Amino acid sequence: MLAKIEETVAYINAQTDGFKPIAGIILGTGLGGLVKEIDIKFTLSYESIPHFPVSTVEGHSGKLIFGYLNEKPVVVMQGRFHFYEGYSMQMVVYPVRVMKFLGIKTLFLSNASGGVNPAHEIGDVMILNDHINLNPDNPLIGKNIAELGPRFPDMSEPYDRKLIARAKEISTNLGYKVHEGVYVSVSGPCFETPAEYKYMRNIGGDAVGMSTVPEVIAARHMSIPCFAVSVITDIGVEGRIVEVTHEDVIAAASKAEVKMTAIFKALVGEMA
Ligand code: HPA
């Protein structure tokens, strides 16, 4: 694994003249618009990168983008890898490990998710303050790679408290109403049944989705602070549940991505 990461990093460094990102950004379904804010220096398609998985989902275009966001050097994954596509959890988190070796200090993530908190509306933004991992697997299962992190990583602060506090101030200043809450991560690819949505709420969830947590686990294993935002694309609250399609998710995400983009841009701009 480490030798592969080193080969991937060597290839990327050669293609990008050694560009040194300080932040990594992973964009969720229908949330690729942040890329328009970037002064792009290099774009690599996933297919061209040695050992990189290749994305298969509609709405995920599969590019690694290097450039400046709010004058700070960043690397952006436009399109992520999901467990439901058939990748192992180790493949799902491979790019996060690569980004660590490229030099990132903080990881920003976005996702589309179903709101199970009755206060949620379609198009709302929720800042993650914790998560519940209901995936049937964990990217850290197997021999621990000590060079990456400890066998039993601490998860007492999965999402960086200072970044959460600052994001809330930024949102208030921009006039955005944002929620804060717990993200429940499931494998998918089915959306939830009404009983499953109710269960997510009962166990303490505010939103449910099919991504983010594997990447956060890999990042926290390597001590990288994380900041994540869910865009609520459908509602899993009793009495308000309607049929959901992937197209609905993409359409709702596109409406809310302006807010998510503004919050990420401001936070990255404040990085040292
Ligand atoms: N459930 C799971 N994943 C999702 C949902 C949902 O309701 N909406 C977008 N991704």
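Out of all the residues in segment 74-91, is one or more in contact (Cβ under 8 Å) with a residue 60 or more places away in the chain and over 30 Å from K143 (Cα atoms)? Yes, that holds for at least one residue. All conditions but one from (1) within 12 Å of the ligand (Cβ to nearest atom); (2) under 19 Å from the mean Cα position of the chain (by Cα) apply to E192; the one that does not is (2). Look at segment 188-200: where a residue is closer than 15 Å to N133 by Cα and a partner is part of a helix (DSSP H, G or I) and more than 9 Å from the ligand (Cβ to nearest atom), sitting 6+ places away or on another chain with Cβ atoms under 8 Å, you get G188/F83; G188/Y84.
The numbered conditions (1) acidic (D, E); (2) over 19 Å from the mean Cα position of the chain (by Cα); (3) under 22 Å from V229 (Cβ atoms) are all true for D130 except (2).
Answer yes or no as to whether N111 is closer than 24 Å to V244 by Cβ, part of a loop (DSSP other than H, G, I, E, B) and within 16 Å of the chain's Cα centre (by Cα). Here the answer is no, as N111 does not meet what is asked. The residue that is farthest from V182 (Cα to Cα), among those in segment 133-161 that are under 20 Å from the mean Cα position of the chain (by Cα) and among the charged types (D, E, K, R), is D137.
Residues in segment 71-112 that are in contact with a Ser or Thr (Cβ under 9 Å, 6 or more places away or on another chain) and of a type in the set (G, A, S): G79, G86, S110, A112.
Only one of I12, I49, I25, I40 is at pLDDT 90 or above, in contact with a helix residue (DSSP H, G or I) (Cβ under 7 Å, 6 or more places away or on another chain), under 24 Å from V229 (Cβ atoms) and of a type in the set (A, V, I, L, M). Can you tell me which? Step through it out loud before you land on a result.
Numbers: I12 fails: under 24 Å from V229 (Cβ atoms); I49 fails: under 24 Å from V229 (Cβ atoms); I40 fails: in contact with a helix residue (DSSP H, G or I) (Cβ under 7 Å, 6 or more places away or on another chain).
Just one listed residue meets the conditions, I25.
The number of residues in segment 65-94 being within 16 Å of the ligand (Cβ to nearest atom) and not β-branched (V, I, T) comes to 7.
Take I164 and decide whether it is away from the ligand (no atom under 16 Å from the Cβ) and either assigned to a helix (DSSP H, G or I) or buried (at least 19 other Cβ atoms within 10 Å of the Cβ) (or both). Taking the combined requirement at face value, the residue satisfies it. Just one of (1) surrounded by fewer than 17 Cβ atoms within 10 Å (Cβ to Cβ); (2) within 14 Å of the ligand (Cβ to nearest atom) trips up E270, so point out which. The failed condition is (2). If you go through segment 211-265 and pick out every residue that is among the aliphatic types (A, V, I, L, M), within 10 Å of the ligand (Cβ to nearest atom) and buried (at least 24 other Cβ atoms within 10 Å of the Cβ), you end up with 3.
Take the conditions touching a residue at least 60 places away in the same chain (Cβ under 8 Å), within 28 Å of I38 (Cβ to Cβ) and touching a Cys at 6+ places or on another chain (Cβ under 8 Å) and apply them to P139. Does it pass? No. Candidates in segment 95-118 are the residues that are within 16 Å of the ligand (Cβ to nearest atom) and surrounded by fewer than 22 Cβ atoms within 10 Å (Cβ to Cβ); of these, the one that is farthest from I5 (Cα to Cα) is P118.
The values are calculated or read from the model by the stated rules, or taken from the named source; none is laboratory data. None of these values were measured; they are calculated from a predicted model. Positions of Cβ are backbone-derived with ideal geometry, glycine not excepted, and every protein chain shown enters the neighbour counts.
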